[in-house]
Structures are given as C-alpha cells and as structure tokens.
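S.K.: Submitted below is the structure of interest, expressed as structure tokens.
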Amino acid sequence: MHISSLGRLLALALAASWATSAMAEPPAEPKAVKDADGKYLDSKGDPTFNVKADGTVDWYTYSGYRRYHAECHQCHGPNAEGSTYAPALKDSLKRINYAEFYGIVVGGKQTLGGGQEKVMPALGENKNVMCYIDDIYVYLRARSADAVGRGRPEKHEDKPPAASAAEQACLEKSS
C-alpha cells in the first residue's frame with residue numbers, strides 16, 4: 001500500500017495539531033511540592049526552584065544560572081531578558097510548560113512574521129545544554145516568577161551527590 005504525498009501531508013498536519021494542543025497546557029504553579037535528592041518538583045512533577053527566605057537558591061537554580069549564561073544569553077540576553085532577535089525567556093516561561101520548553105530546545109524553532117525570520121537552533125546534540133536542561137529550565141522558571149533577581153544568585157545550596165552522579169553519567173554518555 002502506498003501513501004500519497006497528500007496523505008502524508010495530512011497525517012503530519014494532524015500529528016502537529018495534536019502535538020500543539022498537547023503543548024498548549026500551561027505550566028503548573030512553580031511552588032515546589034516535592035524534593036527528590038535536592039531537585040525540586042512542582043505538582044505536575046516538572047522541575048522547579050526553591051528559594052529560601054534568606055535568598056539561598058537550590059543547587060539547580062544556581063547551576064541553571066551558570067549554564068544559561070554559558071550557552072543561552074548570547075541570543076536571549078543576560079538574565080533571560082531578551083534581545084532584538086530572541087525573546088525574553090523569563091516571559092516565555094510564564095506561558096510554556098516543561099515539555100514545550102524541552103521540545104523547543106531539542107528540536108529548535110522557526111518563527112516567521114513581521115518581515116522577520118527568527119530561528120532557535122536545535123540544541124539536542126549539545127551536551128553543554130542537554131546535560132543541564134533541567135537546571136536551565138529551573139533558573140528560567142525562577143526568573144519568570146521573579147523569585148530570583150538579575151545577576152548571579154548570592155547564596156546557593158551545596159551540590160547534591162545526585163547532581164554530580166547525573167552530570168558524570170550524562171557527560172560520559174555524550175562523549
């Protein structure tokens with residue numbers, strides 16, 4: 001049985017519409033409801049931040065700050081505040097959930113409009129992004145909720161052993 005080009009196109013369009021509607025679900029409240037070895041999760045099980053009353057951030061928020069400024073700020077601006085050619089991710093994270101963020105980072109995104117073409121490259125093969133994607137998301141989430149201000153967080157929790165193990169395993173796998 002041969003599938004016509006039109007049939008394939010319709011199947012792809014239908015799959016894209018399902019994927020878009022699945023990704024349209026807004027993120028959960030960023031409040032941490034679970035701590036799994038120093039990694040905080042929201043009510044949907046997505047990574048989130050934890051900032052103590054004295055301003056101490058969890059390790060993953062701090063790590064996300066470092067990774068964001070090593071890999072992302074060149075386009076998305078310092079402190080996730082955007083630039084002339086890439087959106088302010090501190091605002092974007094108010095509207096997109098973890099699955100959508102992950103999909104955009106892994107597969108990239110192209111936006112056409114207003115006489116401009118904006119392209120987010122696919123970073124799924126970049127171990128400096130993918131081994132720390134949760135950390136970057138957590139930092140951006142904290143920025144979007146105004147839980148952390150501009151600049152490097154002054155105080156942070158120690159790096160959990162689970163973070164060291166996951167980092168080592170990811171970097172070895174990626175080599």
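S.K.: ALA163: farther than 21 Å from GLY77 by Cα and over 11 Å from the mean Cα position of the chain (by Cα), yes or no?
M.R.: Spelling it out, ALA163 is indeed farther than 21 Å from GLY77 by Cα and over 11 Å from the mean Cα position of the chain (by Cα).
S.K.: Condition first: loosely packed, with under 12 Cβ neighbours inside 10 Å, of a type in the set (Ser, Thr, Tyr) and either in contact with a Ser or Thr (Cβ under 7 Å, 6 or more places away or on another chain) or assigned to a helix (DSSP H, G or I) (or both). Now tell me which residues in the stretch 133-175 satisfy that.
M.R.: Scanning the stretch 133-175 gives a single hit, SER164.
S.K.: May I ask you to list the residues in the stretch 96-132 that are buried (at least 18 other Cβ atoms within 10 Å of the Cβ), among the β-branched types (Val, Ile, Thr) and either touching a strand residue (DSSP E or B) at 6+ places or on another chain (Cβ under 9 Å) or without any contact (Cβ under 8 Å) to a residue 24 or more places away in the chain (or both)?
M.R.: VAL105
S.K.: Inside the stretch 83-131, can you point out the residues that are under 12 Å from the mean Cα position of the chain (by Cα) and of a type in the set (A, V, I, L, M)?
M.R.: If the condition is that a residue be under 12 Å from the mean Cα position of the chain (by Cα) and of a type in the set (A, V, I, L, M), then LEU89, LEU93, ILE96, ALA99, ILE104, VAL105, VAL106, LEU123, VAL129, MET130 are the ones that fit.
S.K.: Quick check on ALA88: is it at pLDDT below 85 and farther than 24 Å from GLY149 by Cα?
M.R.: no
S.K.: What number of residues within the stretch 24-51 satisfy the criterion of being farther than 17 Å from TYR132 by Cβ and of a type in the set (Ser, Thr, Tyr)?
M.R.: So the answer is 1.
S.K.: Next question, about the same structure. Determine whether TYR85 is of a type in the set (Ser, Thr, Tyr), touching a strand residue (DSSP E or B) at 6+ places or on another chain (Cβ under 8 Å) and in a loop (DSSP other than H, G, I, E, B).
M.R.: yes
The values are calculated or read from the model by the stated rules, or taken from the named source; none is laboratory data. Quick caveat: nothing in here was measured; it's all calculated off a predicted structure. With ideal geometry, Cβ positions are generated from the backbone for all residues, glycine too; neighbour counts draw on all protein chains shown.
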